[in-house]
Amino acid sequence: MILDFPGGVRPLSRTKLGKSNIEYISACSAVCIKADEGAKTVAAIGSRVLRGSLIGESGGTPVYASVAGVFRGIMELEDNRYFVVMNSGEDGEEAVYSPESRAITELNCADICESARRLSVVETRSGAPLWKMLENANGKFRRLVIDCTETDASGAINYRLCIEQAKALVGGAKLLLQATGALKCVFAAEHYRNAALESILKYANDEKLFAIAQLDEKYPYGDRAIMEALYLTTLDKNETAFDRGIFIVSPETAVALYNSMAQGMPMLDRYITVCGDEIAQGKNLCVPRGITLHDISVICGGIKKGGRLIENSLLSGKLASGALSDCTRTLIAAKKQTKARTECISCGKCADACPIRLMPLNVLAGDIDDLRDNCIYCGACEFICPSGIPLLKLIKKRCNAEAEQ
Amino acid sequence: MTKNISAPYIHTDKTALAKGGEWLVALAPVLVWSIFAFGARVITLCLIAALLSIALDYTVKRFVFKAKPFARIDIMAAVYGILSVFSMPVTAPLWIPIISAVLVVIAKNIRVFRAKRLFNPFVFSAAVLNLCFPAKMTAFTRPFAYFSPFSFSIDERLIDGYRVISPLQYMADGSVYEDGVLAQLYGYASGNLGEIAVAATALSLIWLCIRREADWKGTLAMLVPVLLLALVFPSDDAESNYYAFSVILSGAIVFLSVFAVNESHTVPVTKLGKIIFGAACGVLIFVTRKIGNGYEWGYFVVLLMNIASPFIEKFTKPRVLGVKKEK
Ligand code: SF4
Ligand code: SF4
């Protein structure tokens, strides 16, 4: 059965990258790994570091160099602070760690949580450190959901991960089940991606533990949409799936957790799709964490003039800047599309597309009570509007104008 | 960061301007049947109304409302013009479509509450014309009696030679149209240009639904109550089934249920609202027909519901997800 959620828009086209293998990239000119306010450096500034050596600590999580090179300390770039490691392009040596020796079933929640912290594993849907999400998780969760949907219809990385890293994915899922105390793990993916689900099922053959869910080919997928589709429950405003006992993670998180624990190596790589009309060659990539956008565009043959990299989704994503962030799973090179604006024809398509069941066209008449409180700025309404009305922009503008008063 | 760049970076390629095209295609089956049944005069009437509506609409937008950056030619104006012709008899003198074009443009540009149209343009035109020129608007003639497409107004004696009583007028006398339901379904009965072609109208609906311009639920919501009510309150003169189908197929019911209920500006935006709108129209049309001696009240009913539609919309606003109902 294909599961559905209210609202959402169907993509104009499917991704063309579903068949291209993940390319593993280890060399780049520099990496910038996000640091928070209280971040400390551990390695000496100016010293040579190996790939995988400890360079600092940020928010209680150790930070490792994801390429070999010269450590430059913490730098400030465009309002953000980063640990910077410069690399001259060569593949460096890797630091050596010892793998986890215990079997999965011997590990308890605290062990896995501690490993996730030590190995600096992040949850790539939200960009938060996994260990913080797992803290005291034991028994709090009923279900683990591995969200294999893409952030945008043009992305394919989650699909490729399911196919190429199925073993690690299922291993990671088992670890997370162990850590969260959830009874069952659900793999959810768009319905036309049967190949992904089948390849997972090869490893996840325990019917009591694993289930698959085929979701409709609609976007945007978020916690809310997944809860609607899988469990037919509506999250209240300001409520997260966590509050309902559902632990949702990206497949990349599970893969990273498993691989890191199996090899003892911290999470140094990110899996992303780079695609879009404005880039020379779309690719599925495995790149060092914190790789700069410049390096990415060089790897993909350069961005065409006027194109810009958008994070995660063409519907609602922000312009990417600086370095790859921990919650970016798809980078899309696109131009701002302008559509001739005509008057609203009251067709109601925006209301149909809204996943929150708002009436976006009300913004035109100045009736924004519902919109201000509930809009998640997903952009579906503006995407679908045949009159080219910049609904999302108007909603943001009106709501901000009111907030300032 | 550049201010004027913001999500979404992608839009559907469907535009509101294309809507006019979809509707023109939708009108084609009805138009073809109408020309087949009533001859080339239909073309003249439609051309006058369509071209004049477009021209007037553009003029009004450009010079009265001073549309920015500039007014666009709106094909929907032509669609409304043609639809207004569809509710005239073929014998209408050529000044009638001129008036209807003016009325269409007026109704199209009256905006009130929430930038909504107050009245459905072509229904407005039909209603006003029926009020002002009842004799001209009910001079029905036998189909396949072709009139000259160019004579400005048709001689009364010529009309009388072919004059017939329309199914709706039969019903006013308490009897029913005798030539069978099928004649009415395919459009061999007499009546207004577009309204007789029920089967062709169904084709239009199918096209509009495929192109997502129409919602068949609203249409059905209008037809079903009429059918049920006609079964419950039959006429003495006929078999109840026969009567029920005659009621639906006569007059403007199907025509309005397809074209008026799906005119997005003047019906509620919400899905439930559309159904309520359709059902209310259906019930009111049946009631007015029963008590209102055979006149086509459908137009006035639709106008009434147009006025009510912003309120229906308010009441049928979907509950916002994740927000508890206020007590
Ligand atoms: S941007 Fe807001 S109003 Fe528009 S579809 Fe998304 S949630 Fe609804
Ligand atoms: S989608 Fe656009 S044209 Fe249609 S009702 Fe919404 S704002 Fe109006």
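The values are calculated or read from the model by the stated rules, or taken from the named source; none is laboratory data. Bear in mind the structure is a predicted one, so any value in this text is a computation, not a measurement. Here the Cβ positions follow ideal geometry from the backbone for every residue, glycine too, while neighbour counts run over all protein chains shown. For accessibility, only protein heavy atoms count, side chains too; no ligands or nucleic acids. Shrake-Rupley method; radii C 1.70, N 1.55, O 1.52, S 1.80 Å.
Rounded to the nearest 20 debye, the dipole size of chain A about its Cα centre is 620 debye, using +1 on the Cβ of Lys and Arg and -1 on the Cβ of Asp and Glu. Magnitude of the charge dipole for chain B, about its Cα centre and with charges confined to Cβ atoms of Lys, Arg (+1) and Asp, Glu (-1), is about 2120 debye. Remark on A:Val145: its backbone amide H falls under 5 Å from those of A:Val186, A:Phe247, A:Ile248, A:Val249, a criterion applied only to residues 5 or more positions apart or on other chains, H modelled at 1.01 Å from N.
From most to least packed by mean Cβ count within 10 Å, the peptides A:197-207, B:92-102, A:36-46 give B:92-102, A:197-207, A:36-46.
Each listed q (0.11, 0.16 Å⁻¹) maps to a log10 I(q)/I(0) for the stretch B:1-146 from the Debye sum over equal C-alpha point scatterers, namely -0.48, -0.88. When the Cα positions of A:Cys350, A:Ile279, A:Ser321 are compared along the charge dipole of chain A, A:Ile279 comes out farthest toward the positive end, with charges on each C-beta of Lys, Arg, Asp and Glu. Please return the longest range in chain B lying between exposed loop sites, taking GluC sites (Glu not before Pro), DSSP loop only, at most 12 other beta-carbon atoms within 10 Å, and leaving the sites out. By the stated rule (loop sites, at most 12 other Cβ atoms within 10 Å), B:1-177.
To the nearest 10 degrees, how steeply does helix A:194-203 sit against the main Cα axis of chain A, on a 0 to 90 scale? On a 0 to 90 degree scale, this one is about 30. Computed over the protein assembly as shown, the quotient of the alpha carbon radius of gyration and 2.2 N^0.38 Å is 1.21. Projected over all directions and averaged, the alpha-carbon convex hull of chain A occupies 20.3 nm². Projecting each Cα onto the charge dipole of chain B (Lys/Arg +1, Asp/Glu -1 at the beta carbon, about the Cα centre), which of B:Pro318, B:Gly278, B:Ile159 comes out farthest on the positive side? So the residue we want is B:Pro318. Sorting B:Trp23, B:Trp207, B:Trp33, A:Trp131 on solvent-accessible area from highest to lowest, probe radius 1.4 Å, gives B:Trp207, B:Trp33, A:Trp131, B:Trp23. Accessible surface for chain A, divided over its residues, is 41 Å² per residue with a 1.4 Å probe. Once B binds A, the 1.4 Å probe can no longer reach about 4000 Å² of accessible area, counting both sides. For B:Val164, the residues 5 or more places off, or on other chains, whose built amide H falls under 5 Å of its own are B:Phe140, B:Thr141, B:Arg142. Listed by chain and number, the lysines whose alpha-carbon sits under 30 Å from that of B:Lys61, ignoring those within fewer than 8 places in the same chain, are A:Lys336, A:Lys339, A:Lys349, A:Lys393, A:Lys396, A:Lys397, B:Lys14, B:Lys19, B:Lys108, B:Lys116, B:Lys274, B:Lys314.
Each residue of the stretch B:207-294 gets 91 Å³ once the volume of the Cα convex hull is shared out per residue. Just how far, in whole angstrom, is the stretch B:255-321 from the stretch A:257-319 if you go by their alpha carbon centroids? Going from one Cα centre to the other spans 52 Å. Computed over all pairs of different Cα atoms, the Kirkwood value for the hydrodynamic radius of the stretch A:236-286 is 13.9 Å. Packing, as the average of other Cβ atoms within 10 Å across residues, places the peptides B:220-229, A:141-150 in the order A:141-150, B:220-229, highest first. Working note: Cα gyration tensor of the stretch A:349-404, eigenvalues times five, square-rooted, sorted largest first, giving semi-axes of 17, 12, 9 Å. Under the membrane-span-like helix rule (DSSP H runs whose alpha carbons stretch at least 20 Å along the helix axis, mean Kyte-Doolittle hydropathy -1.0 or higher), chain B yields B:16-38, B:41-59, B:95-109, B:216-232, B:271-291, B:298-315. For the residues of A:380-391, the average number of beta carbons from a partner chain within 10 Å of their own beta carbon is 4. Let me know the shape class of the stretch A:219-324, please: from the alpha-carbon gyration tensor, a ≥ b ≥ c as square roots of the eigenvalues, rounded when a/c is under 1.5, otherwise prolate if a/b is greater than b/c, or oblate. Oblate shape, in that a/c is at least 1.5 and b/c is the bigger or equal ratio.
Computed about the Cα centre, the dipole magnitude for the protein assembly as shown is approximately 1240 debye when only Lys and Arg (+1) and Asp and Glu (-1) carry charge, each at its Cβ. Taking a ≥ b ≥ c as the square roots of the eigenvalues of the Cα gyration tensor of the stretch B:4-316, is the shape rounded (a/c under 1.5), prolate (a/b larger than b/c) or oblate? It comes out oblate by the Cα gyration axes.
When the stretch B:4-316 is described by a simple charge dipole with +1 on each Lys and Arg Cβ and -1 on each Asp and Glu Cβ, the residue from B:Leu129, B:Ala183, B:Trp33 located farthest towards its positive end is B:Leu129. The distance linking the stretch A:74-116 with the stretch A:362-405 is 41 Å (Cα centroid to Cα centroid, whole angstrom). Compared with the dominant Cα axis of chain A, that is its longest principal axis, helix A:391-404 is turned about 80°.
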